[in-house]
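The values are calculated or read from the model by the stated rules, or taken from the named source; none is laboratory data. These numbers come from a predicted model, not from an experiment. Note that we place each Cβ from the backbone using ideal geometry, even for glycine, and neighbour counts take in every protein chain shown. Areas reflect the complete protein model, heavy atoms only, side chains present, ligands, DNA and RNA absent. Shrake-Rupley method; radii C 1.70, N 1.55, O 1.52, S 1.80 Å.
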Amino acid sequence: MSEPDAAPLVEVRNLTISFPGEGGHVAVVDGIGFAIARGETLAIVGESGSGKSLSALALMRLVPKPGRIAAGASVRFEGTEILDLPVPAMRAVRGAKIAMIFQEPMTSLNPVVTVGAQVVEAIRLHETVPAREARRRALEMFKLVGIPDAETRLDAYPHQLSGGLKQRIMIAMALAMGPKLLLADEPTTALDATIRAQILAVIRDVAQRTGTAVLIITHDFGVVNEVADRVAVMYAGGIVEEGTRHEILRAARHPYTQGLLRSVPRAEARGDRLEEIKGMVPRPGHWPKGCRFHTRCPFAYARCTEEAPRRTAVSATQGVWCHLAEEGRAP
Amino acid sequence: MAAYLIRRLAYGAVTVLGVLLLLFVLFFAVTNPDDIARKAVGERARPEVYAQWKTNHGYDKPLFLNRAYGSGEARHYTDTLFFEHYRSMLTFDFGRSDADDTPIADRLLRGAGPSLSLTVPLFILNLAVAVGVGLFVAFFRETLLDRVVLVLCILTMSVATLLYIIAGQFLVGMLLKWFPISGYAGDSSVIWRFLALPILVGVVAGFGSDVRLYRTIFIEEMNRDYVRTARAKGAGDARVMVAHVLRNALIPIITNVVIAIPFLFTGSLLLESFFGIPGLGAMTVEAIQGNDFSTLRTMVYLGALLFILGQILTDVCYAVADPRVRLA
Amino acid sequence: MILAQNLLVLAIVLGAAWAARYAARERNWRESARELWRRRPVAIAVVAVYVVIGLLDTVAWVGGGTPEDPMAAYVPRTVIDRLLRPEARREASYSAPFADTAFYGGAPLKHPGSHWLGTDILGRDVVYRMVKGVRVALLVGGLTSLVAIPLALLFGVTAGYFGRRIDDAVFFTMTVLSSVPSLLLLIALIMVLGKGPVQVCIALGVTGWVHFCRIARGEALKLREMDYVAAARVLGVSDFRIITRHILPNMAHLVIITFALSFTGMVLTETTLSYLGIGLDGSWGQMIDQARNELSRTPIIWWNIAAAAIALFALVLAVNLIADGLRDVIDPRTRKERT
């Protein structure tokens, strides 16, 4: 775990990502900021369209065109400003210092190349290493992520492997060069429930063993519970609450977070009506004035329609963007 | 894989038999030996001349079943046009031309060389240019360069090949005098001057549709998830486009390309005829103009045979290129 | 015969009007049409002009012989014939556009300055020949496709949807026909059937049929496996209804684009056929073939070939642009971006 006074591994400030829309560029992620300490696992939780995936992609400067990261944003990794790096330097960072795994293992691997060769590619893109040595290291990674029969699996093609195996290989490929930060964009969403638990266990164990920090994007609080040290909740392009896992799951202060947690179906509550948050997520460009959640918030009052809330520290580690908290009132 | 190949070959063989049936119906039933004789000999000859001509060219047999068997005339009841047609085509015994009585096989062998000397370089150049330009504009999609190339493609696609040939001969041959307008002579060091213009015209004529097709294929591949993964690993643009996009795009490209290989032999009818290259295409054009049905029949049969072979070759290459097919 | 031609024109016009009204009922179609008009107004206008000319050149009647054209009293003349009066404005031989004198020899023309694109070797007005080529091109491309595509659709969808033996038979026929390279098949068919216009169109139709039949069959096979088709079957909907209400409408975009491509393909192929001597009379391909040696004369005679080339290019380009625009408009992906 991280020491509280060590410099954070990643520091994001004022990150705004926009896409062309009706009448110019429309912000999809609006001036968010967060930090990840060394070896820590941060989960960003939100519904689809909240901008969470894009935030992760921005860390690697892989925001798909025609999207843009607005000027004035800052992404510092180990003290270096990522957004200012020249392209070759950025490529040296990708895969070696920061790595990423994606949601769909089915399509995220090149179908005509063996999985072993793809892991080898991840190595040889950054280090001049003889083929045999690279293959040995790939084998090691396979074993690290718990792939059975690793030796034979090296020469398999993606279509011959199950979804769970493919995702393990993605993890192996991502960690092959020992990156300090792993970005995981909904890594278990496309997998069966039983496999989900296995993959999360792999991520958690490997991250712990190698001391890798993890940024995991998810919409599932079950995932949060399994792997996260800290959590940030995103809504409509902005972060509405952040804190430790315990604080968010047990003592959430933002009405949105509370609504999300309440709407998770629980076995004990069988027979009761399923809770929901009324209304729909506003589209980028159509965000309400003031607090973006006020149209769906059961506690909204006059100030919420006018003024966007700023961060209020609830504890040393928990912060919430809500007027109620600022005024010391609990929702 | 071996089982697949055998099945493919078997189906190909059945198709060949079907094609031969089609040819038989076209060349012996829809048009009959009397018409052919009349066209070859002329309208006003005496009946004996027709009969003699038909005998010389093997057209004097009945259509399906020879009922004269046993009475001394016929060799067997299968001594008919139908069986003879199948036998000769399947054993590559092509007989003689209806027009000038020369053995077709000889002319085939003589014409193959010139045809290949035109179509092989044309094919390679076409492929290189179209794939190269397609890859390039796919990478620069939505930019001005891409749009300009696309407009160019639609424009060039809309011009008839005939016009390209005429324009090519006129502009480059006559006005600019860079290359000879037509002909085919001299040894290998000089012959390229005669091939340069037809190859140039051929590349320009095929440019538009090929580039658009390849561009679409490449763009589809570029939007796939594994390309994003490659970039996330730190791969540069060149590596992504070649080792990942091109490699995967090869699969649909192969389907398009290998089919064309058999046509390397049959030659381009228009190009050879216009540019005076004495290949198989020119031979076919002569057969059309001379109402030479037996040569025409042979050319169509060869075209189909090579095409079927090309399809089988395509399926095999497809299996080699795509492990999902190979190891299904 | 003339009556049949005129009725055909009436049928085409009425048919087009009915189809337009039918399509206009669907909001998707209306929006797509409007979008297409927005993107390609020039191309659509060009094609419309060609179609109008083609129709005008088909409506014909007998009557009104003149001293220069006494045959008009016995042989049908089209609207175009009557407007441009080719026989009345005949010259002896070549003349340049807008010229007053003949090209060779300098003798004064009978109708100086009236030939905007000059005259050809037989003294015929080039504008007239160019305009007459419109009908031929529309016949070759349009009418042939209009017949071939529905037939291909019928066979292909039936084969794909019902499968098994029908599919085997159709598939084998398709394979055999498509195994012969299309130009060679075309040549064989025309040589065997005869070199008349009907035969050429039939030959073109056969080669075009195969290509689209394969596509239709593939689509039908794919659509047959869709969940909504399975749902319809479970509900007891008849096969005929499934085909007409679920499968065919989902293939409509493919049909339209194929029609456009087939049209241009056939028109361009006809030029090759004309060179080989087996094309249609009066087509631009024939004009080009007859004029191809004129460029090597000094001074060069360029107006024949230029007129035919430009007329051909304009039509093919316009249809290609429309097909391209159609693809953009109809592609569901680009549709999503619009909303």
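Annotations for the structure displayed:
- In region A:289-314, residue surrounded by the fewest Cβ atoms within 10 Å (Cβ to Cβ) [restricted to those that are touching a residue at least 40 places away in the same chain (Cβ under 8 Å) and under 23 Å from the mean Cα position of the chain (by Cα)]: A:R292
- Filter pass, C:F240 being surrounded by fewer than 16 Cβ atoms within 10 Å (Cβ to Cβ), within 14 Å of chain B (Cβ to nearest Cβ), assigned to a helix (DSSP H, G or I) and not small (G, A, S): no
- Here C:G282 meets the list (1) surrounded by fewer than 20 Cβ atoms within 10 Å (Cβ to Cβ); (2) touching a residue at least 12 places away in the same chain (Cβ under 8 Å); (3) on the phi < 0 side of the Ramachandran plot almost entirely, failing just condition (3).
- Against the numbered list (1) over 21 Å from B:A232 (Cα atoms); (2) open to solvent by less than 70 Å² (accessible area, probe 1.4 Å), A:H25 comes up short only at (2).
- Inter-residue pairs, beta-carbon under 7 Å, first over 17 Å from C:T158 (Cα atoms) and in region C:229-242, second among the β-branched types (V, I, T) and surrounded by 10 or more Cβ atoms within 10 Å (Cβ to Cβ), 6+ apart: C:A232/C:I242
- Given (1) open to solvent by less than 20 Å² (accessible area, probe 1.4 Å); (2) touching a Lys or Arg at 6+ places or on another chain (Cβ under 9 Å), index of the condition C:T264 fails: (2)
- Cβ-Cβ contacts under 6 Å between residues 6 or more apart (or on different chains), taken from a first residue in region B:294-322 that is on the phi < 0 side of the Ramachandran plot to a second residue that is among the acidic types (D, E) and open to solvent by less than 20 Å² (accessible area, probe 1.4 Å), are listed as B:S294/B:D98.
- Taken as a whole, the structure places B:V227 among residues that are at the interface with another protein chain (Cβ under 9 Å from one of its Cβ atoms), modelled with pLDDT of 80 or more and either under 27 Å from A:M106 (Cα atoms) or open to solvent by less than 10 Å² (accessible area, probe 1.4 Å) (or both).
- Condition met for C:R327 (modelled with pLDDT of 80 or more, open to solvent by 60 Å² or more (accessible area, probe 1.4 Å), within 12 Å of another protein chain (Cβ to nearest Cβ) and assigned to a helix (DSSP H, G or I)): yes
- Helices (runs of 4 or more DSSP H) wholly inside region B:1-59 that include at least 3 residues being within 14 Å of another protein chain (Cβ to nearest Cβ) and not polar (S, T, N, Q): B:2-24, B:33-41
- The number of residues in region A:251-268 being among the small types (G, A, S) and open to solvent by less than 30 Å² (accessible area, probe 1.4 Å) comes to 2.
- Against the test of being open to solvent by 40 Å² or more (accessible area, probe 1.4 Å), in a helix (DSSP H, G or I) and within 12 Å of chain A (Cβ to nearest Cβ), the options B:L213, B:L250 yield a single qualifying residue, B:L250.
- Number of the condition not met by B:L135 [criteria: (1) away from chain C (no Cβ under 11 Å); (2) under 30 Å from B:G303 (Cα atoms); (3) open to solvent by less than 40 Å² (accessible area, probe 1.4 Å)]: (2)
- Per the listing A:A122, A:A96, A:A117, the residue uniquely surrounded by 21 or more Cβ atoms within 10 Å (Cβ to Cβ), within 14 Å of chain B (Cβ to nearest Cβ), farther than 16 Å from A:L215 by Cβ and of a type outside the set (D, E) is A:A122.
- Only listed residue being away from chain B (no Cβ under 14 Å) and without any contact (Cβ under 8 Å) to a residue 12 or more places away in the chain, chosen from A:G46, A:G24: A:G24
- Options A:R91, A:R76; residue that is within 23 Å of A:A56 (Cα to Cα), basic (K, R) and away from every other protein chain (no Cβ under 14 Å): A:R76
- Exclusive hit being part of a helix (DSSP H, G or I), open to solvent by 10 Å² or more (accessible area, probe 1.4 Å) and within 21 Å of B:R96 (Cα to Cα), set B:L270, B:L296, B:L305: B:L305
- Lone qualifier among B:G234, B:G208 - being open to solvent by less than 20 Å² (accessible area, probe 1.4 Å) and free of Cβ contacts under 8 Å to residues at least 12 places away in the same chain: B:G234
- Region C:161-235 holds helices (runs of 4 or more DSSP H) entirely within its bounds, and those carrying 1 or more residues that are on the phi > 0 side of the Ramachandran plot and not small (G, A, S) map to C:164-179.
- Near pairs, Cβ below 7 angstrom, 6+ apart or cross-chain, from region B:1-27 (more than 30 Å from B:L63 (Cα to Cα)) to any residue that is open to solvent by 80 Å² or more (accessible area, probe 1.4 Å) and at pLDDT below 90: B:M1/B:R326
- Looking only at residues in region A:134-186 that are away from chain B (no Cβ under 12 Å) and in contact with a Gly (Cβ under 9 Å, 6 or more places away or on another chain), the one that is farthest from A:E47 (Cα to Cα) is A:R135.
- Selection of region A:66-96 for residues being in contact with a Gly (Cβ under 9 Å, 6 or more places away or on another chain) and at negative phi yields A:A70, A:A73, A:S74, A:V87, A:P88, A:M90, A:R91, A:A92, A:V93, A:R94, A:A96.
- Look at (1) in a helix (DSSP H, G or I); (2) more than 30 Å from A:V240 (Cβ to Cβ); (3) away from every other protein chain (no Cβ under 14 Å); (4) among the aliphatic types (A, V, I, L, M) and you find that A:L83 fails only one, number (2).
- Residue check, B:V285 more than 14 Å from chain A (Cβ to nearest Cβ) and either open to solvent by less than 40 Å² (accessible area, probe 1.4 Å) or not polar (S, T, N, Q) (or both): yes
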